[in-house]
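*Asks:* Okay, handing you the structure first.
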Amino acid sequence: MTLSTSRLDRFISKQCQVSRRDVRLMLAQKRIMVDGAIANNIDQIIDKFSHISLDNKVLQANEASYVMLHKPVGVVSATKDEQHKTVLDIVNLPESVDKASLHLVGRLDLNTSGLVLLTNDSRWSERLTSPEKKVEKLYRVTLQNKLNEDYIEAFNQGMYFGYEKITTKPAKLEIISDHVAMVSLVEGRYHQIKRMFGRFRNPVVALHRVAIGSLILTEQLKVGESRLLTAQEVAGI
């Protein structure tokens, strides 16, 4: 999902129902402001988050929204679902945030809990999900059977899955207790963690996403709760 852009003159022409020649005159008269500065370039590229005004009248003032949610088990990572509650059904946000404009930054399975991010800024979500950026996702995994040191090396080497003919990228595994491990991935293939533990015939009992990059799900955000990210959090990831 790419953030759509437009030329300033096209936007003004459409919004005000005037010709582009008229827009050139407006620019020459310094009547148009973009993001708090007088616009002087008819070819200037804008997007839906550009703040635009004409004669001090606001034509566009959309705000980017960035949301952290503590997803419970049983909630679908989708915007619509006929059978289950979705993440949009449970997020509780200020009225200024248009929930319908939000999309998911990566998904969690129905039976997986933990950190979910939503935004209306596709540039930010693409930065988080791009394979080139290698943003780490950290999970706490509870297993049915006991763990041992063999898991660490197997995850670190990556695993080949013949059905897709792919080898997973190296993953970090830290054993916390006999049945609990922390796993860090830079990719998110279909049921990847469950399938990797499946190589050891060790079923995953519970899966919980703890962090995405520098964003950590702390105990302060209870199950089912959500909040807006701070500017520092958005810029730091």
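*Asks:* Can you give me the Kirkwood hydrodynamic radius for the range 1-42, using every pair of distinct Cα atoms, in Å to one decimal?
*Replies:* 10.8 Å
*Asks:* Amide H of Ile166: which non-local residues (sequence gap of 5 or more, or other chain) have their own amide H closer than 5 Å, using H built in the peptide plane?
*Replies:* The list, which skips near neighbours in sequence, is Phe161.
*Asks:* How big is D for the range 100-161, in µm² s⁻¹ as a whole number, if Stokes-Einstein is applied with the Kirkwood radius of its Cα pairs at 10 °C and 1.306 mPa s?
*Replies:* 108 µm²/s
*Asks:* With a cap of 11 neighbouring Cβ atoms within 10 Å, and only residues DSSP puts in a loop, list the chymotrypsin sites (Phe, Trp or Tyr not before Pro) found in the range 139-237.
*Replies:* Filter output for the range 139-237: Tyr163, Tyr190.
*Asks:* Same structure, new question: Sorted from largest down, what three extents in whole angstroms do the Cα atoms of the range 86-237 have along their principal axes?
*Replies:* Extents along the principal axes, in whole Å: 50, 31, 27.
*Asks:* I'm a student and want to see the number: the projected area of the Cα convex hull of the range 155-207, averaged over all directions, in nm².
*Replies:* Details: hull surface 14.7 nm².
Average of the hull's projected areas for the range 155-207 equals 3.7 nm².
*Asks:* Can you work out the FRET efficiency for the pair Glu136 and Ile90, with r the C-beta to C-beta distance and R0 = 22 Å, to the nearest 0.05?
*Replies:* Calculated value: 0.25.
*Asks:* Just the Cα atoms of the range 185-237, one point each, no solvent: what log10 I(q)/I(0) does Debye give at q = 0.25, 0.27 Å⁻¹?
*Replies:* With no solvent term, the Cα-only Debye profile gives -1.05, -1.11.
*Asks:* OK, next. If you build a Gaussian network model of the chain, linking Cα atoms that sit under 10 Å apart, which residue out of Leu54, Leu185, Leu118 swings the most?
*Replies:* Looking only at Leu54, Leu185, Leu118, the largest GNM fluctuation is found for Leu54.
*Asks:* Could you tally the net charge around Leu69, taking each other residue with its Cβ under 10 Å from the Cβ of Leu69, Lys/Arg +1 and Asp/Glu -1?
*Replies:* After counting each charged neighbour, the total is +1.
*Asks:* Do any trypsin sites (Lys or Arg not before Pro) in the range 47-109 lie in a DSSP loop with no more than 10 other beta carbon atoms within 10 Å, and if so, which?
*Replies:* Lys80
*Asks:* Whole number please: convex hull volume per residue of the Cα set in the range 1-95, in Å³? The partial results should precede the final answer.
*Replies:* On the way: hull volume 13.1 nm³, N = 95.
Convex hull volume per residue, Cα atoms: 137 Å³.
*Asks:* Which GluC sites (Glu not before Pro) from the range 140-229 combine a DSSP loop assignment with at most 11 other Cβ atoms within 10 Å? Mind dumping the intermediate values first?
*Replies:* Values: sites: Glu149, Glu153, Glu164, Glu174, Glu187, Glu219, Glu225; in loops: Glu149, Glu164, Glu187, Glu219, Glu225.
Here the GluC sites (Glu not before Pro) that fit, given the DSSP loop and packing criteria, are Glu149, Glu164, Glu219.
*Asks:* Could you look at the chain and say what percent of its accessible area is carbon and sulfur, using a 1.4 Å probe and all protein chains?
*Replies:* Working: 6630 of 13800 Å².
Carbon and sulfur: 48 percent of the exposed surface of the chain.
*Asks:* Hey, another quick one. What is the distance in Å between the Cα centres of the range 1-63 and the range 106-165?
*Replies:* With the range 1-63 and the range 106-165 each reduced to a Cα centre, they are spaced 41 Å.
*Asks:* Which one, Val141, Val67, Val58, has the greatest fluctuation when you compute a Gaussian network model over the chain with C-alpha springs under 10 angstrom?
*Replies:* Val58
The values are calculated or read from the model by the stated rules, or taken from the named source; none is laboratory data. If you're wondering where the values come from, they're calculated on a predicted model, not measured in any experiment. Please note: Cβ atoms are built from the backbone with ideal geometry, for glycine as well, and neighbour counts cover all protein chains shown. Note: areas computed on protein heavy atoms with side chains; ligands, DNA, RNA excluded. Shrake-Rupley method; radii C 1.70, N 1.55, O 1.52, S 1.80 Å.
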